[in-house]
Amino acid sequence: MYDLDSRYKFNSFAPNYIATGNVMNSCEELSCHWMMDCIASYAADLVKLKADYLKIVTVTLDKKGGCVFQIE
């Protein structure tokens, strides 16, 4: 269990990216660490385009059982 008040590095290829304890606990619960790798892959390009360093990721299920990522 991750401490909710702490921040965690989640990808060795993106050492400056951090996630909250809630996000890390959810990844453990749902076995979806792959999602964090996906975010790290796309967020690097987004940071180059904008000076924003806070990214909000929304994941929604589609009707076929897949999911759609939206990074803002």
> Quick one: what pairs do we get from the stretch 10-27, first residue in contact (Cβ under 8 Å) with a residue 24 or more places away in the chain, second assigned to a strand (DSSP E or B) and hydrophobic (A, V, I, L, M, F, W, C), C-beta under 8 Å, 6+ apart or different chains?
Replying inline: PHE10/ILE18; PHE10/ALA19
>> Looking at the structure I just gave you, is MET1 at pLDDT 85 or above and under 10 Å from the mean Cα position of the chain (by Cα)?
In response: no
>> Among (1) at pLDDT 80 or above; (2) assigned to a helix (DSSP H, G or I); (3) small (Gly, Ala, Ser), there is one condition GLY65 misses while meeting the rest; what is its number?
In response: (2)
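The values are calculated or read from the model by the stated rules, or taken from the named source; none is laboratory data. In this text, all values refer to a predicted model and were calculated from it rather than measured experimentally. Here Cβ is always computed from backbone atoms with ideal geometry, including for glycine, and neighbour counts include all displayed protein chains.
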